[in-house]
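Trainee: Have a look at the structure that comes next, please.
Each reported figure results from applying straightforward, stated rules to the coordinates on display, with no laboratory input. All values derive from a computational prediction rather than experimental measurement. In this analysis, Cβ positions are derived from the backbone assuming ideal geometry, glycine residues included, and neighbour counts consider all displayed protein chains.
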Amino acid sequence: VSGLIDISQTLKAGIATWPGDTAFAPFWVMRLESGDSCNVGSVTMSLHTGTHADAPRHFLAGGATPAEMDPSPFIGKALVLDLAGVHTILPEHLGNLATGKTEGIERILFRTGTARADQFMGTFAHLSDSAARLLADLGVLLVGIDTPSVDSSDSRELLVHKVLAGAGIAILENLVLAHVPAGRYELIALPLKLEGMDASPVRAVLRAL
Ligand SMILES: [Zn+2]
């Protein structure tokens, strides 16, 4: 027993992508069955496919790239909050966080149950600007959600992204939390060291504390 809980989407053909974004397409460059000396796989994909970290470069012209991001927010104590039934996450949904009862928890993962790995949902739960500001005030290091975006699906300003990034808060999207009871865990979800780009896939896991 590894003690790890996998909270990553499986990257495979047919995985949901944002409308208009690049579909996940695996292909072979070399194949044993074709007489090559080994199998060599390759993929075409958007960096926002599956469970991923958004870098500030995603929404700020001169923002940090994955290679420039500090990896430390992506490892450490995390709180999974169950917000089933909530569409717009407001400060009041942050409950004990706001009253300081969860001191020492610097990463918050929102379980909303409003998105799927195999189909892009036109609408899904997201953070409000005011909740993002509260998380910034609380000194949170990372915010994760089980939907394709921390902003609403029709947001063009990406204000939640900007408030979080402005406070130095790392962002994880498309987490898989349906099988994870609310509570405290250790999160491990390192982005790749991608230079010049705006996001990175991660393999996200939790370890029970
Ligand atoms: Zn993203």
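Trainee: Evaluate the Debye formula for region 126-209 with equal point scatterers sitting on the alpha carbons, no solvent, and hand back log10 of I(q)/I(0) at q = 0.14 Å⁻¹, in q order, two decimals.
Mentor: Here log10 of I(q) over I(0) equals -0.52.
Trainee: Quick one: if you take sqrt(5λ) for each eigenvalue of the C-alpha gyration tensor of the chain, what semi-axes come out, biggest first, whole angstrom? Write out the running numbers ahead of the final one.
Mentor: On the way: eigenvalues 173, 70, 58 Å².
Ellipsoid semi-axes (Å, largest first): 29, 19, 17.
Trainee: Out of all DSSP beta bridges with both ends in region 102-209, state the antiparallel percent to the nearest 5. Walk me through the intermediate numbers first.
Mentor: Details: 5 of 12 bridges.
In region 102-209, DSSP labels about 40 percent of beta bridges as antiparallel.
Trainee: So, with +1 on the Cβ of K and R and -1 on the Cβ of D and E, and no other charges, what is the size of the charge dipole of the chain about its Cα centre, to the nearest 20 debye?
Mentor: That gives the chain a dipole magnitude of about 320 debye.
Trainee: Taking Cα centroids, how far is region 188-204 from region 130-144 in Å?
Mentor: If we compute the Cα centre of each part, the gap is 21 Å.
Trainee: Show me, bin by bin at 5 Å from 0, the whole-percent P(r) of region 1-83 based on Cα pairs.
Mentor: Binned Cα distances yield the sequence 3, 10, 13, 15, 18, 18, 13, 6, 4, 1, 0.
Trainee: Viscosity 1.567 mPa s, temperature 4 °C: Stokes-Einstein D of region 104-154 from its Kirkwood Cα radius, in µm² per second? Don't jump to the answer; show the numbers that get you there.
Mentor: Numbers: Rh = 11.8 Å.
Reported coefficient: 110 µm²/s.
Trainee: Can you tell me which of His52, His179, His126 moves the most in a GNM of the chain? Springs connect C-alpha atoms under 10 Å apart.
Mentor: His179
Trainee: Summing +1 for each Lys or Arg and -1 for each Asp or Glu, what net charge is found among the other residues whose Cβ lies under 13 Å from the Cβ of Ala117?
Mentor: On the way: positive: Lys12, Arg116; negative: Asp6, Asp118, Asp146, Glu173.
In short, -2.
Trainee: If I stretch the segment between Val43 and Trp18 completely, what's the gain in nm (0.36 nm per residue apart, minus their alpha carbon distance), one decimal? All intermediate terms of the calculation are to be shown ahead of the outcome.
Mentor: Working: separation 25, 0.36 × 25 = 9.00 nm, distance 1.73 nm.
Difference between extended and current length: 7.3 nm.
Trainee: Which order, highest average first, do 128-139, 57-68, 162-173 follow once you tally other Cβ atoms within 10 Å for each residue and take the mean per peptide?
Mentor: Numbers: 128-139: 18.3, 57-68: 16.3, 162-173: 21.2.
The most tightly packed comes first, giving 162-173, 128-139, 57-68.
Trainee: What is the Å³ per residue value for the convex hull set by the Cα atoms of region 37-117? List each step's numbers first, then the result.
Mentor: On the way: hull volume 15.2 nm³, N = 81.
Output value, Cα hull per residue: 188 Å³.
Trainee: Shifting gears a bit: Using the charge dipole of the chain (Lys, Arg: +1 at Cβ; Asp, Glu: -1 at Cβ; taken about the Cα centre), state which of Gly183, Phe124, Val43 has its Cα farthest towards the positive end.
Mentor: Of the candidates, Gly183 comes out farthest on the positive side.
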